[in-house]
Amino acid sequence: MCGLAGIVSSQDVNHELYEALTVLQHRGQDAAGIVTCHAGRMHLRKQSGLVRDVFHSRHMSQLRGNMGIGHVRYPTAGCDGTAEAQPFYVNSPFGITLAHNGNLTNSETLKHDLFVDDQRHLNTDSDSEVLLNVFAHELQRLGKLRLDVDDVFRAVSVVHKRCRGAYAVVVMITGFGILGFRDPHGIRPIAFGQRKTEQGTDFMIASESVAMDVLGFDLIRDIQPGEAVFIEKKGVLHSQQCADKADYHPCIFEYVYFARPDSIIDDVSVYKARLRMGEKLADKIRRVRADHDIDVVIPIPDTSRTAALQLANVLGLKYREGFIKNRYIGRTFIMARQQNRKRSVRQKLNAIDLEFKGKNVLLVDDSIVRGTTSKQIIQMARESGARRVYLASASPPVRYPNVYGIDMPVASELIAHNRSEDEIQDEIGADWVIYQDLDDLIDTVRRGKSGVQDFDTSCFSNEYVTGDVSPEYLNFLENRRNDKAKSFANSDDNAIDLHNSL
């Protein structure tokens, strides 16, 4: 999962891009980058680390220009490090930089075609670099010295024909403008907004509306599946549907975990959706265990707070904060390796003993993925004196790989894969585990004012909306992305790799 931002303004955009990436930091803590354009030249800074650590005063002063794009990354494929930090750049044609959120499911085929047919060199394992070169190749085929907007939209149309999977993208074409587009299924979120100033109208593209809110931009709308939005450097906005066939299947896990609660995604309030998740989960508890003996509801901070509070209200139970979070520790779900996740849980959370001692506690989490955090938190609750520890998940069991840009691609590392709920309960040491039903989860998001009726629920249902995810592909991911493979890829002996595997 990654965060994107792009701004075209009448003033320098470096500081506003920095602020936008800071607001989107929850979407990626592995690396950050900003590129701006001034007088026909690009200025780029990217590095591993948090936004606040990547950009210092000396970097910001060099990022001149009234248009630019930014990116925060967490690794979904390949190795960690600056080599795969974004935005990516190609000098031909025109000078193009690109930032991408998602994952291409046919990237290996595209790598071969780019090398053999298009004669383009790839320097990383990132599918974002693949996507950039596909787009750049289509513009180069035009053989034109000057672009027009229709040329850009035609190139996006070819990207949709060649690329499969999930992609929300921002692109800057040097001296011309900024482009945003979304895959034909609309799996990953991206929206755009505007801000009126004395000098004219500024435009912004971002993964989540909250990044626009903090900068004073008004949300116009989400970019539609298959649609492209282009903003000329002088602030003229164009949009066009570029896919022959498009349907709406946004990722439902955005509402469960990834997005900030104050964001609006595809016309649905993330906060309201999470309230409804708590209501549905409370209804299920009443239905399956009406005689429950729960004394107190405690959220596992932070993402589950909204659902946990509403669950407690519906059931008429006490809601208490039982864990204090160290905010200087990253989100354990998006840490690259299992050893880091295990080490960070007790560094991240500390229990308040008096909220647990002698009580039957219902812990509420947004989801249970690998089970690493859940197991340790349940043990912490017991050590703090809880009589019984129950665990409720605001989402269904995560049983299958996600191949669209969320780093849970390895089935064997998912605690619910090939396990019953009773087996999961025993594995994590809970006295009882209860999950949200998938139909209820879909209803919690669908009940917004959005016209979206279907969602990507592949990690729960094993149904992949792109229709090209085979057992062979999943096996390929299993071998490439398990924690053992990641540890090898990030070892000192493999830290720098300029070899193109083709």
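The values are calculated or read from the model by the stated rules, or taken from the named source; none is laboratory data. Treat the numbers as computed from the prediction; the structure is a model and nothing was measured. Backbone-built Cβ (ideal geometry, glycine too); neighbour counts: all protein chains shown.
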Subset of the range 228-254, residues among the charged types (D, E, K, R) and either without any contact (Cβ under 8 Å) to a residue 40 or more places away in the chain or surrounded by fewer than 22 Cβ atoms within 10 Å (Cβ to Cβ) (or both), comes to Glu232, Lys233, Lys234, Asp244, Lys245, Asp247
Go through the residues of the range 164-180 one by one and say whether even a single one is at pLDDT 95 or above, among the polar types (S, T, N, Q), farther than 25 Å from Tyr404 by Cβ and out of contact with any Asp or Glu (no Cβ under 9 Å at 6 or more places or on another chain). yes
Tally, over the range 252-266, of residues that are assigned to a strand (DSSP E or B) and under 14 Å from the mean Cα position of the chain (by Cα): 1
Candidates Leu98, Leu142 - the one that is in contact (Cβ under 8 Å) with a residue 60 or more places away in the chain, within 23 Å of Ile178 (Cβ to Cβ) and either surrounded by fewer than 23 Cβ atoms within 10 Å (Cβ to Cβ) or not hydroxyl-bearing (Ser, Thr, Tyr) (or both): Leu98
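His238 - would you say it is over 20 Å from Val8 (Cβ atoms) and either touching a helix residue (DSSP H, G or I) at 6+ places or on another chain (Cβ under 6 Å) or not in a strand (DSSP E or B) (or both)?
Numbers: over 20 Å from Val8 (Cβ atoms): no; either touching a helix residue (DSSP H, G or I) at 6+ places or on another chain (Cβ under 6 Å) or not in a strand (DSSP E or B) (or both): yes.
No.
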Picking from Asn101, Asn66, Asn91, the residue that is among the polar types (S, T, N, Q) and more than 29 Å from Met212 (Cα to Cα) would be Asn91
Tell me yes or no: at least one residue of the range 57-77 is surrounded by 23 or more Cβ atoms within 10 Å (Cβ to Cβ) and touching a Phe, Trp or Tyr at 6+ places or on another chain (Cβ under 6 Å). no
Of everything in the range 267-309, what is under 20 Å from the mean Cα position of the chain (by Cα) and surrounded by fewer than 17 Cβ atoms within 10 Å (Cβ to Cβ)? Give them in sequence order. Asp267, Tyr271, Asp302
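In the range 464-474, what residues are assigned to a loop (DSSP other than H, G, I, E, B) and surrounded by 14 or more Cβ atoms within 10 Å (Cβ to Cβ)? I'd like the intermediate steps shown before the answer.
As a first pass, look at the range 464-474 and keep what is assigned to a loop (DSSP other than H, G, I, E, B): 464-470.
Tyr464, Val465, Thr466, Val469, listed by residue number.
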Every residue in the range 347-376 that is assigned to a loop (DSSP other than H, G, I, E, B), β-branched (Val, Ile, Thr) and under 20 Å from Val398 (Cβ atoms), please. Ile368, Val369
Which pairs have Cβ atoms under 6 Å, sit 6 or more apart or on different chains, and link a residue in the range 163-190 that is touching a residue at least 40 places away in the same chain (Cβ under 8 Å) and in the same structural domain as Ser107 (by TED's automatic domain parsing) to one that is among the small types (Gly, Ala, Ser) and surrounded by fewer than 24 Cβ atoms within 10 Å (Cβ to Cβ)? Thr174/Gly95; Gly175/Gly40; Pro184/Gly226; Pro184/Ala243; Pro184/Ala246
Might you let me know whether the range 328-338 holds any residue that is touching a Leu at 6+ places or on another chain (Cβ under 9 Å), modelled with pLDDT of 95 or more, part of a loop (DSSP other than H, G, I, E, B) and among the small types (Gly, Ala, Ser)? no
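So that you can scan it fast, the table gives a plain yes or no per residue for (1) part of a helix (DSSP H, G or I); (2) more than 29 Å from the chain's Cα centre (by Cα); (3) within 19 Å of Ser92 (Cβ to Cβ):
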site: Asp125; (1), (2), (3): no, no, no
site: Glu129; (1), (2), (3): yes, no, yes
site: Asn133; (1), (2), (3): yes, no, yes
site: His137; (1), (2), (3): yes, no, yes
site: Leu147; (1), (2), (3): no, yes, yes
site: Ala155; (1), (2), (3): yes, no, yes
site: Lys161; (1), (2), (3): yes, no, no
site: Tyr167; (1), (2), (3): no, no, no
Output the number of residues of the range 19-73 satisfying the condition of being without any contact (Cβ under 8 Å) to a residue 60 or more places away in the chain and acidic (Asp, Glu). 1
Hits in the range 411-456 - residues which are surrounded by fewer than 18 Cβ atoms within 10 Å (Cβ to Cβ), in a loop (DSSP other than H, G, I, E, B) and in contact with a Phe, Trp or Tyr (Cβ under 8 Å, 6 or more places away or on another chain): His417, Asp431, Gly451, Gln453, Asp454
